[in-house]
Amino acid sequence: MLAAFYFYQQKRGNQLLKQKQETETSILKLKSIQSQLNPHFIFNSLSSIQSLINSNEINAANEYLSRFSDLMRNTLVQSNNLFQKLDKEINILDTFLKLEQLRFQFSYQITTDGIINKFDTEIPSLLLQPIVENAVKHGVSGLREKGVIQIYFYLGGADMLVEIKDNGPGFRNVSEENGYGLKLTDDRIKLLNNLMKEQEIIKNIYRKDDETVVQLIFKNR
């Protein structure tokens, strides 16, 4: 009896140790992916500044640089955190869209359901930025003033949903749909779902009413 109890305790201890090691490995991988997002974002932002300068839009380039420094300060602070409050994530998205608006002149709107407490709800840090960046680059950039991006945060039962819509032409090929930023986002979602099996994140991409829609479902939020 004692031998069986000892064997059970040892087996349980090994399982707990394995779970702990898997969790620590997943967290390290998540942080590694987040660290890759910053250089990707910085490169694209510097490309935007260069484009404005080459177009002799010096005032716009200066304004872009000023706002870019504020955005970088916020993203660098949050990049070490796996999660952040929803209001901070929305603020980063708003600043990013204002930056890209200087270059492409599209319009945008961010709407949050009044039921959602932005200051208490947590979301994975910088998870949405690559998706919004993709909506600009492959969606509205060619439409200029006719381009529209809409971001909605709302509740569906126990779940929080986010929809990012643009009225662009949609993905023309597989490489656009699986771009670097989106691939990192998909990798992060997989790791997050392994860590939080009761609060998984589901990502859907589809066309509806001549719009490209990226929908994220945050289960049990």
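Which pairs, out of K137/K190; K88/K165; K85/K219; K85/K208; K118/K190, put more than 28 Å between their alpha-carbon atoms?
Beyond 28 Å: K85/K208.
What residues qualify as long-range amide H neighbours of S141, i.e. H under 5 Å apart, gap of 5 or more or another chain, H built at 1.01 Å from N?
none
What is the packing order of peptides 81-88, 43-50, 127-134, 197-204, taking the mean over residues of other C-beta atoms within 10 Å and listing the highest first?
The densest-packed peptide leads the list: 127-134, 81-88, 43-50, 197-204.
Please arrange R73, R188 by counting, for each residue, the other beta carbons lying within 10 Å of its beta carbon, fewest first.
Lowest count first: R73, R188.
Collect residues whose amide H, placed 1.01 Å from N in the peptide plane, falls under 5 Å from the amide H of D159; neighbours closer than 5 in sequence don't count.
Sorted by chain and number, the residues that satisfy this are N220, R221.
Throughout, read-outs are computed from the coordinates displayed, never taken from laboratory work. The model shown is predicted, which means the values in this text are computed figures rather than measured ones. A quick note on method: Cβ atoms are made from the backbone with ideal geometry, for glycine too, and the neighbour counts reach across all protein chains shown.
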